[in-house]
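Novice: Below you'll find the structure I mean.
Values in this text are rule-based calculations from the coordinates and carry no lab data. These numbers were taken from a predicted model, which means no experiment stands behind them. No Cβ is skipped: glycine too gets one built from the backbone with ideal geometry, and neighbour counts run over all protein chains shown.
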Amino acid sequence: MTSAPMLPHALLGSLALCACATATGAPRADTTITVGGAEIAVELRAGHLDVSRAELMAWVTAGAGAVAGYYGRFPVARYRIAIQPVAGEAGVLSGTTWSGGGAHSRILVGEHTTPAHLARDWVMTHEMIHTAFPEQPPSRRWIEEGTATYVEPLARSWAGGYPATKVWADLVGGLPRGLPARGDRGLDHTPTWGRTYWGGALFCLLADIEIRQRTGGRRGLVDALRGIIAAGGNSQADWTIERTFAEGDRAIGVPVLQELYRRMKDAPVATDLDAMWRELGVALVRGAIELDDSAPKAAIRRAISAPR
């Protein structure tokens, strides 16, 4: 079991509380926090939860802090999140994020959720990361889900409490699901669950490795994603994927995102994952991840894992 990510003190902001009511008159607690330069409005919807309000707010704040730490700031200036209790269930069940009407998410939380459930949750961070990329049409949803899938464990690891070995274990376990199967086409034409989430995540890892190779280790995918945010390319921007990748490439000084997209958008690109793990020095040994710092690309692996 991992602990909740620690929130950097520089990202802590104000906390304002008010008691409000829904349209039906049911009591509702609204809270606004400031994290990473953003105002985050939290609505605790009607229903029973075993965890306290303070524990829920610590969970939201930690997730926002992890996202702000990775991107250098929270991706949007204003964000709303509704926490919806679900009777009879336990754990963080699911989340959905929308860009229309301002960036906002809904997270379903089981009635019998415990602090331990919140401590190991990834859904909150994943949904918040969706605010960091311009909304794409269905054929290109893979880049939104893939980015969230790839960045989420890194952001939590950079914030503390989620070890690098677990980040690489997630990738080793998940990325095979993103490889093209028989009959698959490129990422823009294969909207299966595996290709959308893990195919998109594989695109991100391949881009991260190539960026670091072509810049001599000076830049990584994080710099491209931060560059997109700095140029105004969050979920509120009406940008094509081509424009978004162009802004990312401008930030890193090499056209990796645009070139990789041209290679992978229309054709199924095979990736030798076993060879990639050997070069990065990532091995699954008796069910546990071992990291080899003598591997040819171990420095790239360490750079990907290292907080910025």
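Novice: Using the Karplus curve 6.51 cos²θ - 1.76 cosθ + 1.60 with θ = phi - 60°, what ³J(HN,Hα) values do you get for each residue of segment 131-136, in whole Hz, with x for Gly and Pro?
Specialist: Each residue of segment 131-136 in turn: 6, 9, 9, x, 4, 10 Hz.
Novice: If neighbour count is taken as other Cβ atoms inside 10 Å, put 142, 98, 277 in order from fewest to most.
Specialist: 98, 277, 142
Novice: How much of the pair distance distribution for segment 18-173 lies past 20 Å, counting alpha-carbon pairs only, in percent?
Specialist: Values: 5999 of 12090 pairs.
Within segment 18-173, distances greater than 20 Å cover 50 percent of Cα pairs.
Novice: Follow-up. Using C-alpha positions alone, give me the convex hull volume of segment 83-128 per residue in cubic angstrom. Provide the component values of the computation, followed by the final result.
Specialist: Details: hull volume 2.8 nm³, N = 46.
Taking the convex hull of the Cα positions in segment 83-128, it is 61 Å³ per residue.
Novice: Given H placed 1.01 Å from N in the peptide plane, which residues other than close sequence neighbours of residue 265 have an amide H under 5 Å from its amide H?
Specialist: 187
Novice: Counting Lys +1, Arg +1, Asp -1, Glu -1, what net charge surrounds residue 88 among other residues with beta carbon under 14 Å of its beta carbon? Could the numbers behind the result be given before it?
Specialist: On the way: positive: none; negative: 50, 89, 111.
Its environment carries a net charge of -3.
Novice: Further question: Quick one, which of [x] 32; [y] 39; [z] 36 is the actual percent of Cα pairs over 30 Å apart calculated for this model?
Specialist: [x]
Novice: Turning to a different aspect of this structure: Scan around residue 90 for amide H atoms under 5 Å from its own, H built in the peptide plane at 1.01 Å from N, and keep only partners 5 or more places away or cross-chain.
Specialist: Amide H to amide H, under 5 Å and 5 or more residues apart or across chains, residue 90 pairs with 112.
Novice: Given 25 °C and 0.890 mPa s, how large is the Stokes-Einstein diffusion coefficient of segment 122-226 in µm²/s, with Rh as the Kirkwood radius over Cα pairs?
Specialist: Answer, rounded: 173 µm²/s.
Novice: Moving on. Quick one: length gained pulling residue 292 to residue 306 fully straight, 0.36 nm per residue minus the C-alpha distance? Can you show the working numbers first?
Specialist: Working: separation 14, 0.36 × 14 = 5.04 nm, distance 1.56 nm.
Gain on extension, residue 292 to residue 306, equals 3.5 nm.
Novice: Quick one: divide the alpha-carbon radius of gyration of segment 203-308 by 2.2 N^0.38 Å and tell me what you get.
Specialist: Details: Rg = 15.3 Å, N = 106, 2.2 N^0.38 = 12.9 Å.
Computed over Cα atoms of segment 203-308, the ratio equals 1.18.
Novice: I'd like the projected area of segment 105-172, averaged over all directions, using the convex hull of its alpha carbons. Report it in nm² with one decimal. Before the final figure, lay out each step's value.
Specialist: Numbers: hull surface 22.6 nm².
Convex hull of Cα atoms, orientation-averaged projection: 5.7 nm².
Novice: Can you show me the helix-derived [θ] at 222 nm for the chain, built from DSSP H runs with n ≥ 4 at -39,500 (n - 2.57) apiece and divided by the number of residues, rounded to the nearest 500.
Specialist: On the way: 11 runs with 123 residues, N = 308.
Using -39500 (n - 2.57) per qualifying helix, the result is -12000 deg cm²/dmol.
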